[in-house]
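This report concerns only the one structure given below.
The values are calculated or read from the model by the stated rules, or taken from the named source; none is laboratory data. This one's a predicted model, so the numbers in the text were calculated from it and none came from an experiment. Methodologically, a virtual Cβ is constructed for each residue, glycine included, from the backbone with ideal geometry; neighbour enumeration extends over all protein chains shown.
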Amino acid sequence: MYSERELARENAFQAIWNNDIPDVFADVAKYYDRANVYATLGLIGGLRKRFISTMQIEPNYRVLDVCAGTNVIGIDLLKRQPSLEVHAVDRSASMQQVGKELAEKQGFRIKSTICDVHELPYPDNHFDVVTLQWATRHVRAVKVFSEVRRVLKPGGHFYHCDMLRPGNKLVERIYYMYLNVCLKLVSRAFGSGPAALRCREYFVNAIRMFYSTEELSHVLSELEFSNVVGRSVLAGTVGFHKARKMAA
């Protein structure tokens with residue numbers, strides 16, 4: 001079931017993922033965090049706090065933040081536990097440059113790597129915790145989750161958050177209407193460039209072809225993560241997941 005979904009997503013979006021998405025994030029990097037506040041009607045900060053509250057973090061853990069963007073998760077984790085060794089990986093050098101500056105302003109150091117997240121440049125069994133948020137709908141999810149599992153230590157935890165496809169059909173229709181209006185308003189308010197404007201329809205379609213909270217839980221289980229827990233918030237438009245790599 002999920003291999004068919006992944007193939008359909010890749011066939012529909014591969015050209016956009018390869019050619020447009022890098023330009024989109026290069027364009028929006030400078031205002032990305034402010035735009036998220038605007039687009040979520042101020043809810044993004046509370047969602048981030050709720051997501052981080054699900055994480056079991058111990059002193060001196062080695063943490064990997066995949067699709068780290070502007071490093072807001074890594075920074076919040078270091079505020080909570082300054083002894084962490086935090087690594088960030090992202091495809092966008094522009095987003096990571098903003099993230100580096102944000103971290104340094106607050107006295108934190110996050111080790112950044114710019115690369116394709118489908119091939120993580122780390123050894124097996126390397127991280128105590130891996131996080132991934134607000135980006136999985138823009139990648140080959142099964143491939144990235146498999147890489148996450150590979151680099152996690154046995155017994156390590158994976159924490160995921162993203163916009164998902166609501167399970168309720170009425171909510172889904174209302175959600176897409178909101179997104180279409182919101183994307184037009186945000187692009188005007190922040191003066192989005194050509195790449196972001198071209199991708200407004202894609203951002204809605206990426207969710208249409210993505211997973212619900214329950215479906216994503218099944219994907220993680222099929223990839224041999226254990227203790228998978230999925231929780232829907234905001235009527236299923238956002239989902240939090242936590243899972244564990246089984247101990248050897």
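Please work out if V66 is more than 21 Å from R231 (Cα to Cα) and either surrounded by fewer than 19 Cβ atoms within 10 Å (Cβ to Cβ) or touching a Leu at 6+ places or on another chain (Cβ under 9 Å) (or both).
no
Could you tell me how many of the residues in the range 90-119 are within 20 Å of V219 (Cβ to Cβ) and either in contact with a Cys (Cβ under 9 Å, 6 or more places away or on another chain) or crowded, with 21+ Cβ neighbours inside 10 Å (or both)?
Qualifying residue count for the region: 1.
Select from the range 183-206 the residues that are of a type in the set (K, R) and closer than 18 Å to T40 by Cα and write down the one among them that is nearest to the chain's Cα centre (by Cα).
R200
Filter the range 16-41 for residues that are aromatic (F, W, Y) and either in contact with a strand residue (DSSP E or B) (Cβ under 7 Å, 6 or more places away or on another chain) or surrounded by fewer than 17 Cβ atoms within 10 Å (Cβ to Cβ) (or both) and give the result.
Answer for the range 16-41, where residues must be aromatic (F, W, Y) and either in contact with a strand residue (DSSP E or B) (Cβ under 7 Å, 6 or more places away or on another chain) or surrounded by fewer than 17 Cβ atoms within 10 Å (Cβ to Cβ) (or both): Y31, Y38.
Among the numbered criteria (1) modelled with pLDDT under 95; (2) surrounded by 17 or more Cβ atoms within 10 Å (Cβ to Cβ); (3) out of contact with any helix residue (DSSP H, G or I) (no Cβ under 8 Å at 6 or more places or on another chain), which one does G191 miss?
(2)
Please state which one of Y159, Y176 is part of a helix (DSSP H, G or I) and modelled with pLDDT of 95 or more.
The conditions single out Y176.
Just need a number here: residues in the range 204-240 that are assigned to a loop (DSSP other than H, G, I, E, B) and more than 20 Å from E147 (Cβ to Cβ).
Final tally of qualifying residues: 3.
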